[in-house]
Amino acid sequence: MTITNEVEVYYSRAKADEHHRYRSWEHCYQFFQSNPKDTDMAALHLAFYLASWGMYRGSSFLLQKDYKVHVGAVLEILNPKYEHLRDISFEDFTDENINILFSLIDNLKKHYKNINLSSTSSKNTGGVTYTLITKILLGTLGCIPAYDRFFIDGIRATNRLTYSGLKDVNFKYLLDWGRDNSKEVNSIKNSIAGDVKYPVMKIVDMYFWRVGERIYLEKKGNEYAAWKN
């Protein structure tokens, strides 16, 4: 299937249901595009989006916290020095911007690590993962895909992107893939109707997530056949 086909399958679910959990990303991302001054409301938007996307499962330290744990992360994300990462294109991702992105990632990890270490629960202290941090950035600045299970399986299925970890060198390979496919990715971005302007990294996220999901479902055999129909 082409990039367009895979994204259409993904997006059709949100389009068919106005209250689908996929729309939680839209609500969060759209709110952050206004560069909100109300950091409390921004943290609440972020918390619900993360909950919709599995970041409040039983093994997560976030399950034991209220939404205000995200206020510090929101303040960091809204720092003007990161403004040019918002809805950034493949072409604008210079080495300098890559360094700024990974500096932001490190700062967010430190913020949540401090909260995790202060947790009073001994049973729900799941680590601060790149999955969590990249989901946060996808839902706020739209500057990187969410490195979760299906996305990683999806990029592993691409010969050029046979890796799983998030490092600056690996991210550069993803950017090269994006530049090579920028015509189709941008065409998809421009074709999505609605109030929310999808960034290119959300298109990349949807594509590889769908590839990873399809691989998973195909392995399940009969269940995949039933799901397809």
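The table below lists the values:
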| item | result |
| --- | --- |
| Any hit, region 36-55, residues being within 27 Å of residue 207 (Cβ to Cβ) and of a type in the set (S, T, N, Q) | yes |
| Checking residue 76 against (1) closer than 26 Å to residue 150 by Cα; (2) free of Cβ contacts under 8 Å to residues at least 40 places away in the same chain; (3) not basic (Lys, Arg), the condition it does not meet | (1) |
| The listed residue being surrounded by fewer than 19 Cβ atoms within 10 Å (Cβ to Cβ) and in contact with a helix residue (DSSP H, G or I) (Cβ under 7 Å, 6 or more places away or on another chain), out of 2, 39 | 39 |
| Test: residue in region 167-187 that is at pLDDT 95 or above and under 22 Å from residue 18 (Cα atoms) | no |
| Single condition residue 103 does not satisfy, out of (1) surrounded by fewer than 23 Cβ atoms within 10 Å (Cβ to Cβ); (2) in contact with a Leu (Cβ under 8 Å, 6 or more places away or on another chain); (3) at pLDDT 95 or above | (2) |
| Output for region 3-22, where each listed residue is under 18 Å from residue 151 (Cβ atoms) and in a loop (DSSP other than H, G, I, E, B) | 21, 22 |
| Any chance residue 54 is small (Gly, Ala, Ser), on the phi > 0 side of the Ramachandran plot and not in a helix (DSSP H, G or I) | yes |
| Flag for residue 92 being assigned to a loop (DSSP other than H, G, I, E, B) and at pLDDT 95 or above | yes |
| Only one of 41, 55 that is more than 19 Å from the chain's Cα centre (by Cα) and modelled with pLDDT of 90 or more | 41 |
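Conditions tested, residue by residue: (1) touching a His at 6+ places or on another chain (Cβ under 9 Å); (2) surrounded by 15 or more Cβ atoms within 10 Å (Cβ to Cβ); (3) part of a helix (DSSP H, G or I).
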| site | (1), (2), (3) |
| --- | --- |
| 143 | no, yes, no |
| 151 | no, yes, yes |
| 160 | no, no, yes |
| 169 | no, no, yes |
| 177 | no, yes, yes |
| 189 | no, yes, yes |
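The values are calculated or read from the model by the stated rules, or taken from the named source; none is laboratory data. As the structure is a prediction and not an experimental result, all values here were calculated from the model. All Cβ positions, glycine included, derive from the backbone under ideal geometry; neighbour counts span all protein chains shown.
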